[in-house]
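**Student:** What follows is a structure written as structure tokens; I'll ask about it next.
Please treat every number below as a calculation from the coordinates, not as lab data. Here the structure is a predicted model, which means the values were calculated and not measured. Virtual Cβ from ideal backbone geometry, glycine too; neighbours counted across all protein chains shown.
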Amino acid sequence: MKYLVTGGAGFIGSNLVDRLLNNGHDVVVVDNFNDYYDVNIKEKNVRSNLPNPHYVLYRVDIENKNEIAKIFTEHKFDAVIHLAARAGVRPSLEKPMNYVKTNIIGTVNILECMRECGVKKLVFASSSSVYGNCSATEFSEDLKVTEPISPYAATKSACEQLCYTWHHLYGINIVALRFFTVYGPRQRPDLAIHKFVQRIAAGKPIQMYGDGTTKRDYTYIDDIIDGICAAVDYDKTGFEIINLGGGEPITLIRMIRTIEHALGRNAIIEQKPMQPGDVDKTVCDWSKAHRLLKYSPKTTFDRGIQKFVNWRKNNEDF
């Protein structure tokens with residue numbers, strides 16, 4: 001099988017590409033290597049695959065429809081896994097137009113190229129942020145997502161709707177996966193777990209926004225990759241939105257304590273007010289993923305943090 005993976009040099013994308021190549025597939029990666037974080041990190045993510053004859057890398061922006069169209073005409077894809085996006089809730093408040101252009105226009109470019117070239121399978125990376133400050137005990141896919149509280153969340157919700165439109169009009173089979181706070185090796189350095197591990201290990205203070213009671217349903221990268229691969233193979237229905245989470249909401253203070261334990265060092269905590277756009281909790285109901293994709297997260301939070309700390313110790317240059 002030949003897959004197009006957009007955002008394939010990033011955290012989730014590069015881990016997915018490694019899995020696909022190890023499983024014997026051909027992979028074409030599109031990534032613009034932007035400077036949202038240190039570009040050298042993405043260069044390290046792709047370096048080991050560059051000599052692989054089953055791997056092709058294009059340094060192209062999904063906002064550039066003409067360049068994306070050329071890639072579609074040069075390759076016959078069995079499926080597209082669309083991970084490329086402007087990431088991050090807080091930066092989206094500062095530069096919302098960038099998020100609209102990359103996440104919405106970029107996604108339409110991918111959908112249009114698929115339509116024009118007859119590619120009929122898409123896995124789209126959405127986000128748990130679409131749920132906003134949901135009051136439900138668990139976040140299930142049938143809850144309304146009409147109240148996003150950040151431009152990032154709004155763009156992801158809009159893309160889900162656009163995906164449905166292209167499915168309805170042009171028969172593209174689509175699975176939109178709502179990821180719940182992914183962590184693990186190669187995690188972006190601006191995300192809390194990576195940042196906290198780095199700063200606590202160095203004896204530097206960390207900033208804790210709020211009183212530590214906010215909760216996140218953290219999901220280890222290997223479990224996310226399992227879910228994506230299962231979504232690629234799924235063919236029972238033409239359009240689905242599916243949660244992928246860890247199944248165990250973790251408070252911010254517990255996350256910090258778990259990192260302390262894994263490192264054997266105490267954190268120096270600076271408490272700050274809650275940030276605009278941040279949600280109070282995310283709680284994943286992954287029963288639909290289990291039913292349709294046979295998804296079942298295997299990595300506990302404590303084990304996942306220890307694995308990440310071990311990776312970080314062996315990769316100090318990330």
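**Student:** Please list the three semi-axes, largest first and in whole Å, of the ellipsoid equivalent to the range 62-125, using sqrt of 5 times the eigenvalues of its alpha carbon gyration tensor. Write out the running numbers ahead of the final one.
**Tutor:** Values: eigenvalues 121, 29, 13 Å².
Taking √(5λ) for each Cα gyration eigenvalue gives 25, 12, 8 Å.
**Student:** Taking the Cα of Arg265, stepping 7 Å toward and past its beta carbon, and measuring to each backbone N in the range 172-192: which are under 18 Å?
**Tutor:** In the range 172-192, the label zone of Arg265 (backbone N under 18 Å from the point 7 Å along Cα→Cβ) covers 189-192.
**Student:** Treating the Cα atoms of the range 147-255 as identical point scatterers in vacuum, please give the log10 of the normalised Debye intensity I(q)/I(0) at q = 0.11, 0.22 Å⁻¹, two decimals.
**Tutor:** Calculated log10 I(q)/I(0) at the listed q: -0.48, -1.29.
**Student:** Let me ask another. Over the range 16-155, how many percent of alpha carbon pairs lie in each 5 Å bin up to the one with the longest distance?
**Tutor:** With a bin width of 5 Å, the distribution comes to 2, 8, 16, 18, 19, 16, 12, 7, 2, 0.
**Student:** Between Gly277, Gly227, Gly210, where does the largest GNM mean-square fluctuation fall for the chain, given springs only between Cα atoms within less than 10 Å?
**Tutor:** Gly210
**Student:** Cross-link partners among lysines for Lys121, C-alpha distance below 28 Å, same-chain residues fewer than 8 apart left out?
**Tutor:** Those lysines meeting the cut-off are Lys2, Lys42, Lys65, Lys70, Lys76, Lys101, Lys144, Lys156, Lys236, Lys288, Lys294, Lys298.
**Student:** With springs only between Cα atoms under 10 Å apart, run a GNM on the chain and tell me which of Thr258, Thr155, Thr102 wobbles the most.
**Tutor:** Ranking Thr258, Thr155, Thr102 by mean-square fluctuation puts Thr258 first.
**Student:** Could you give the length gained on full extension between Arg254 and Asn98, defined as 0.36 nm per residue of separation minus the Cα-Cα distance, in nm?
**Tutor:** Values: separation 156, 0.36 × 156 = 56.16 nm, distance 3.39 nm.
Extra length available between Arg254 and Asn98 comes to 52.8 nm.
**Student:** Using only the alpha carbons, work out the radius of gyration and Dmax of the chain in angstrom.
**Tutor:** Considering the chain through its Cα atoms, Rg and Dmax are 18.8, 56 Å.
**Student:** Any number yet on Rg/Rh for the range 196-318, C-alpha, Kirkwood?
**Tutor:** On the way: Rg = 16.8 Å, Rh = 16.2 Å.
For the range 196-318, the value is 1.04.
**Student:** Å³ per residue of the Cα convex hull, for the range 91-228? Could you put the intermediate results ahead of the total?
**Tutor:** On the way: hull volume 19.5 nm³, N = 138.
Spelled out: Cα convex hull of the range 91-228, divided by residues, is 141 Å³.
**Student:** May I pose another question? Within 10 Å of each residue's Cβ, count the other Cβ atoms and sort His168, His82 from fewest upward.
**Tutor:** On the way: His168 11, His82 26.
Ranked by crowding around the Cβ, least crowded first: His168, His82.
**Student:** Give the order of Thr137, Thr251, Thr282, Thr6 when sorted by the count of other beta carbons within 10 angstrom, beginning with the fewest. Let's see the in-between values first.
**Tutor:** Working: Thr137 9, Thr251 15, Thr282 25, Thr6 29.
So the ranking, lowest neighbour count to highest, is Thr137, Thr251, Thr282, Thr6.
**Student:** For the chain, what is the charge dipole size about the Cα centre, in debye to the nearest 20, if Lys and Arg each add +1 at the Cβ and Asp and Glu each add -1 at the Cβ? Kindly include the intermediate steps, with their values, before the conclusion.
**Tutor:** Working: 40 positive and 37 negative charges, 97 e Å.
Computed about the Cα centre, the dipole is about 460 debye.
**Student:** Under a GNM of the chain (C-alpha, springs under 10 Å), which listed residue has the highest mean-square fluctuation: Ala125, Ala202, Ala158?
**Tutor:** Result: Ala202 has the largest fluctuation of those listed.
**Student:** Next question, about the same structure. Output the peptides 264-270, 290-296 sorted from most to least packed, where packing is the average of other Cβ atoms within 10 Å over each peptide's residues. Each step should come with its number before you reach the end.
**Tutor:** On the way: 264-270: 12.6, 290-296: 15.9.
In descending order of packing, they fall as 290-296, 264-270.
**Student:** Among Trp311, Trp286, which comes first, then next, by fewest other beta-carbon atoms within 10 Å? Kindly include the intermediate steps, with their values, before the conclusion.
**Tutor:** Working: Trp311 15, Trp286 27.
Going from sparsest to densest Cβ surroundings: Trp311, Trp286.
**Student:** By the scheme Lys and Arg +1, Asp and Glu -1, what is the net charge of all other residues having a beta-carbon under 15 Å from that of Lys70? Kindly include the intermediate steps, with their values, before the conclusion.
**Tutor:** Values: positive: Arg59, Lys65, Lys76; negative: Asp61, Glu63, Glu67, Glu74, Glu112, Glu116.
Net charge in that neighbourhood comes out at -3.
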